[in-house]
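Laboratory data are not the source of any read-out in this text; all were calculated from the coordinates shown. Fair warning: this is a prediction, and the values are worked out from it, not measured in the lab. With ideal geometry, Cβ positions are generated from the backbone for all residues, glycine too; neighbour counts draw on all protein chains shown.
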């Protein structure tokens, strides 16, 4: 089975600073990868998804971007953080070669606080 | 209308009772349905998936799907205090082509 790693686990950043969150996956090849954000008291919001290296789809226009430089690596970035970027960021994956309708598994998450 | 709706709770049940969690969805073309459990401060973990009408049982958990009525439910038998968590319903929408989450139901099992 797959294992998803995310780091850092927690992060406190000032407004206007850059951001880089990393997600790596073990135990599967060619997974679909996803970035979600969960704001306090709200549901999971899909931010980006990727079906392969260099292939990124953005779901919500915002000051965030994503990249997939390697098959099992997914990076979430920002040049300048906003207060509204605070939240719990979750990386998820499906097993490699599966349909996009199949089960998504989540990493441990990164809790970001922007001050 | 929200795409996936859940009662936010809290749903309080005594230890040993059956907890019933419900979820409705708006997209009739939805294909896959999932229940996740999320403890406070942690990431969601998959409990069950269901794809066809009817019941699917796994241990103390039973998922029920009724596509005609557009609802999916989760029953937890012999509820334990360790079941206390937020339960997220997720639906893969046929029209949106992505997994849509409800905002979750907070379950509190009282010892």
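Which distance in Å, rounded to a whole number, links the C-alpha centroids of the stretch B:34-96 and the stretch A:34-55?
20
Note down the Stokes-Einstein diffusion coefficient of the protein assembly as shown in µm²/s, whole number, using a Kirkwood radius over alpha carbon pairs, 37 °C, and 0.692 mPa s.
Working: Rh = 18.2 Å.
In µm²/s, the coefficient is 181.
Can you compute the label reach from residue A:15? Point 7 Å from Cα along the Cβ direction, backbone N cut-off under 13 Å, restricted to the stretch A:76-90.
A:81-86
Taking all pairs of distinct Cα atoms, average 1/r, flip it, and tell me the Kirkwood hydrodynamic radius of the stretch A:1-67 in Å to one decimal place. Before the final figure, lay out each step's value.
On the way: mean 1/r = 0.0731 Å⁻¹.
The Cα-based Kirkwood calculation yields 13.7 Å.
What FRET efficiency comes out for residue A:67 versus residue B:18 if R0 is 41 angstrom and r is the Cβ-Cβ distance? Round to the nearest 0.05.
Computed FRET efficiency for residue A:67 and residue B:18: 0.35.
Which percentage, to the nearest 5, of the DSSP beta bridges contained in the protein assembly as shown is antiparallel?
Numbers: 73 of 81 bridges.
Counting DSSP beta bridges with both partners in the protein assembly as shown, the antiparallel share is about 90 percent.
Give, to the nearest whole percent, the P(r) tail of the stretch B:2-61 beyond 15 angstrom, counting all Cα pairs. Kindly include the intermediate steps, with their values, before the conclusion.
Details: 1126 of 1770 pairs.
Summing the P(r) of the stretch B:2-61 above 15 Å gives 64 percent of all pairs.
Where does chain A land on the Kirkwood hydrodynamic radius, alpha-carbon pairs, in angstrom?
Numbers: mean 1/r = 0.0711 Å⁻¹.
For chain A, inverting the mean 1/r across all distinct Cα pairs yields 14.1 Å.
If you count, for each residue, the other Cβ atoms within 10 Å and average over each peptide, how do A:62-69, A:6-13 line up from highest to lowest?
Numbers: A:62-69: 16.0, A:6-13: 13.4.
Result, highest mean first: A:62-69, A:6-13.
P(r) of chain B in 5 Å steps, Cα pairs, percent per bin?
Pairs per bin, as whole percents: 2, 13, 24, 25, 19, 10, 4, 1, 0.
Say each of residue B:26 and residue B:98 gets a label point 7 Å from the Cα, pointing the same way as Cα to Cβ; how far apart are those two points in nm?
For the pair residue B:26/residue B:98, the computed spacing is 1.5 nm.
May I ask you to compute the full-extension gain from residue B:2 to residue B:46, defined as 0.36 nm times their residue separation minus their alpha-carbon distance, rounded to one decimal in nm? Mind dumping the intermediate values first?
On the way: separation 44, 0.36 × 44 = 15.84 nm, distance 2.22 nm.
Contour length minus Cα-Cα distance gives 13.6 nm.
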